[in-house]
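Reviewing the structure listed below.
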């Protein structure tokens, strides 16, 4: 029967679409990268999505986050994403968690219940906690490396963390994963050297924070406020979604 996923079924086949419909994927971080990942997973027919993010949409998110518009400013990102998902697929089971994922909140999640985990958060501590818990539960995970301060959307690659280079975040993750005995970790990263943001206090969140009321982690408290574009985080997010879909369905072009 013709439906909103028929064109995807023409590529992957009916059995794969059934797998996606019953799959449960957790996306940690629903911002520039994670927002596009969620969008693509929903449009691919994933039937169960858990969204974890404590942030609210800010005016400065509009340049790069698919969930950010003038109408969504001040709303929780996970709530906006859930509404979008249900506009795409009313039957998708969505669970939202308005929290900042760190070691002290990790016990709220049973990682064995997920078929796949997406790490799209921006703190090393949180990323490492996700990786360790995913590995302990033997649940596949894919991690986003740095997308800020970059302008080449075509530079992203899928690789094992130990085969990465240039990216400062990947360098830290390599070192920390090695210390923890993590033998492999799928990541999406870019070899593009980050540019140095323009130092202009007139447009800096550091001096003119406009975070919505009730925002837990304001820009003024962040160590770094990176520049970004509409296309770089989107590219990373869509690549991640593609890897999740291919891994879940075990799709192999050689079979077609």
**OP:** Could you please find all residues in the range 54-98 being touching a residue at least 60 places away in the same chain (Cβ under 8 Å), within 24 Å of residue 114 (Cβ to Cβ) and surrounded by 23 or more Cβ atoms within 10 Å (Cβ to Cβ)?
**Re:** 65, 66
Subject >> Residue list for the range 218-253, filter: modelled with pLDDT of 65 or more, in a loop (DSSP other than H, G, I, E, B) and surrounded by fewer than 19 Cβ atoms within 10 Å (Cβ to Cβ) >> reply: 224, 225, 226, 227, 229, 230, 231, 250, 251, 252
Original post:
Is at least one residue of the range 85-104 in contact with a strand residue (DSSP E or B) (Cβ under 6 Å, 6 or more places away or on another chain), at pLDDT 95 or above and in a helix (DSSP H, G or I)?
Top reply: yes
Original post:
List, please: which pairs have Cβ atoms under 6 Å, are six or more places apart or on different chains, and start with a residue in the range 178-201 that is over 26 Å from residue 117 (Cα atoms) and end with one that is at pLDDT below 90 and in a strand (DSSP E or B)?
Top reply: none
Subject >> Members of the range 65-84 that are under 22 Å from residue 126 (Cα atoms) and not in a helix (DSSP H, G or I) >> reply: 65, 76
Original post:
Quick one: would you say residue 150 is at negative phi and in contact (Cβ under 8 Å) with a residue 60 or more places away in the chain?
Top reply: yes
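The values are calculated or read from the model by the stated rules, or taken from the named source; none is laboratory data. The model shown is predicted, which means the values in this text are computed figures rather than measured ones. Heads up, the Cβs are rebuilt from the backbone with ideal geometry, glycines too, and the neighbour counts pull from every protein chain shown.
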